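Just below is one structure, and these are the notes that go with it.
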Amino acid sequence: MKRIQIKALCYRMEYQRRILFNSLAENYNIDSIVYSLQEKHDIGPAEYKFTYVEPLCKKPLIWKSRLFRTQIFISFDMSMAKYLFEKPHPDMVFILGDMPLSAQAAKWAAKKLKCPILSLMTIRPLEHEKNRNYFIKQLKRMSFSFCDGILASGLLAEKCLKYYGVPDSKIFSYHHFVDTEYFAKWLKIGRREREQTRKSIGIKDNLCIAFSGTTYTLKGIRDLLKAVLLLKNKLPSNFPMPHLLIIGGPHKEGGSNEYMYIKEFIKLNRIDATITGWVTRDKVAKYLSASDVYVLPSHWETWPKAIMEAMLAELPVIVTDACGCVGTLIKNNETGLVIPVKSPEVLCDAIKELLLSKEKRNKIVKAGLNAVKDYSPEKANEKVAYAIRTIYERYCAH
């Protein structure tokens, strides 16, 4: 089998990408040179079996446009296009994530070199895409048309790609993943220290509702706070109010205003809650192990790895129908509960259902554990390798 040489561009080198590119080299005869625009955000043993190029641009410009109702991360460093022209020329270009100017420059360079392009892009729910400005829609159509293949994480992503006119032959199934081996190690420690952790954050005999992630508005934490307030009038009088555990805080690229709002809301409404602030993955595992129910009320998610972490931590999960894993990993009333987006009342009822029924919680946990095993790093990497090989062979055939 011929070894394929690819050059890849990503926004930031994270552990999932390290695992992916290492696996491509070890198991699929695909060698990679990887360029990132931001500093590494990696965990675990950093053994790279591919060539990693240090960040091209330390800090991108964030452009917010009211006219186009969008926020765009812009990098003025077009070095990716220059590197593509340097020898050795790649057999394929792989673009991961939304980097408008850098990505378009890379696509232009790839076309000049007559290299096929594989892309993994962030895609929002179909209703959101339909409401985009006409000009933005046309730009996205043009961007998709440059690609020879696009990795779609979940059914929602596939629907959006078809909406933009991408043919089935260019769409390849994919899923994000969690470094299960690394995370399982910390979950084991977390379970052993569960009671100690619960005591440290003030949980007594009550159950704990957890959320993990950054405090962006689109994470829907306000909906969760409203749902917890509604619980006061919906739970039986003799049932202890649950503790709310928000694992995370503002990201360094934004979210501090929302973080302050959340803290103030909790204080004003006297909600029994803990906000950990930004923590590392080992601490996430520790706090999930101390929880009983997990909620991700996001207004949109491509494929939330946080859900997979919660399922691995043996928590029953509640997600909105704007999450890309719905319909595949998460099936309503089987591997989790699915609620409409921006619906605090429905979310409240879903939380109440799980709090009051240990049998329901156990049933969802068991099904969820079985399901999440099918979304392993190995299977995700295999899907990417299949897409690369298929596109390369098609291109060579022409």
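The values are calculated or read from the model by the stated rules, or taken from the named source; none is laboratory data. Here the structure is a predicted model, which is why all the values come from computation and not from measurement. Here the Cβ positions follow ideal geometry from the backbone for every residue, glycine too, while neighbour counts run over all protein chains shown.
From Glu86, Glu26, which residue is modelled with pLDDT under 90, acidic (Asp, Glu) and more than 22 Å from the chain's Cα centre (by Cα)?
Details: Glu26 fails: modelled with pLDDT under 90.
Just one listed residue meets the conditions, Glu86.
Would you check if there is a residue in region 319-330 being under 14 Å from Lys363 (Cβ atoms) and either of a type in the set (Asp, Glu) or modelled with pLDDT of 95 or more (or both)? Please lay out each step first, then the result.
Within region 319-330, the subset under 14 Å from Lys363 (Cβ atoms) is none.
Looking through region 319-330, none of the residues is under 14 Å from Lys363 (Cβ atoms) and either of a type in the set (Asp, Glu) or modelled with pLDDT of 95 or more (or both).
Being assigned to a loop (DSSP other than H, G, I, E, B) and closer than 17 Å to Asp374 by Cβ is the filter here, so list the residues in region 310-344 that pass it. First the steps, then the outcome.
Going residue by residue through region 310-344, those that are assigned to a loop (DSSP other than H, G, I, E, B) are 313-316, 321-322, 324-325, 327-329, 331, 333-335, 340-343.
Within region 310-344, Glu314, Gly324, Cys325, Gly327, Thr328, Leu329, Lys331, Glu334, Thr335 meet the criteria.
Taking the numbered list (1) under 30 Å from Ala385 (Cα atoms); (2) at pLDDT 90 or above; (3) surrounded by 14 or more Cβ atoms within 10 Å (Cβ to Cβ) in turn, Thr180 passes all entries but (2).
A residue that is surrounded by 13 or more Cβ atoms within 10 Å (Cβ to Cβ), under 17 Å from the mean Cα position of the chain (by Cα) and part of a loop (DSSP other than H, G, I, E, B) cannot be found anywhere in region 132-141.
Scanning region 88-140 for residues that are acidic (Asp, Glu) and touching a residue at least 12 places away in the same chain (Cβ under 8 Å) turns up Asp91, Asp98, Glu129. Under the condition of being farther than 17 Å from Tyr392 by Cα and assigned to a loop (DSSP other than H, G, I, E, B), the residues counted in region 89-128 number 8. Among the conditions (1) within 29 Å of Ile189 (Cα to Cα); (2) modelled with pLDDT under 95, the only one that Ser357 does not satisfy is (2).
Taken together, the residues in region 1-18 that are over 24 Å from the mean Cα position of the chain (by Cα), modelled with pLDDT under 90 and of a type outside the set (A, V, I, L, M) amount to 1. Of the helices (runs of 4 or more DSSP H) entirely within region 150-204, those holding at least 1 residues that are farther than 30 Å from Leu126 by Cβ and not acidic (Asp, Glu) occupy 180-192, 194-200. Looking at region 143-157, can you tell me whether even one residue there is modelled with pLDDT of 95 or more and out of contact with any strand residue (DSSP E or B) (no Cβ under 9 Å at 6 or more places or on another chain)? So far as region 143-157 goes, no, none of its residues is modelled with pLDDT of 95 or more and out of contact with any strand residue (DSSP E or B) (no Cβ under 9 Å at 6 or more places or on another chain).
Annotation: of all residues in region 237-248 being touching a residue at least 12 places away in the same chain (Cβ under 8 Å) and not in a strand (DSSP E or B), the one that is nearest to Arg198 (Cα to Cα) is Pro242.
Looking at Ser32, Ser65, Ser36, which one is out of contact with any Ser or Thr (no Cβ under 9 Å at 6 or more places or on another chain), at pLDDT 80 or above and assigned by TED's automatic domain parsing to the domain that holds Lys130?
Details: Ser32 fails: out of contact with any Ser or Thr (no Cβ under 9 Å at 6 or more places or on another chain); Ser65 fails: at pLDDT 80 or above.
After ruling out the rest, the residue left standing is Ser36.
Out of region 154-172, which residues are small (Gly, Ala, Ser), farther than 17 Å from Lys305 by Cβ and touching a residue at least 24 places away in the same chain (Cβ under 8 Å)? Once the filter is applied, which keeps residues that are small (Gly, Ala, Ser), farther than 17 Å from Lys305 by Cβ and touching a residue at least 24 places away in the same chain (Cβ under 8 Å), region 154-172 yields only Gly165.
Considering (1) free of Cβ contacts under 8 Å to residues at least 60 places away in the same chain; (2) touching a helix residue (DSSP H, G or I) at 6+ places or on another chain (Cβ under 9 Å), the lone condition that Leu151 does not fulfil carries the number (1).
Is it true that some residue in region 193-202 is touching a Gly at 6+ places or on another chain (Cβ under 6 Å), modelled with pLDDT under 95 and closer than 21 Å to Glu314 by Cα? Checking region 193-202: not a single residue is touching a Gly at 6+ places or on another chain (Cβ under 6 Å), modelled with pLDDT under 95 and closer than 21 Å to Glu314 by Cα.
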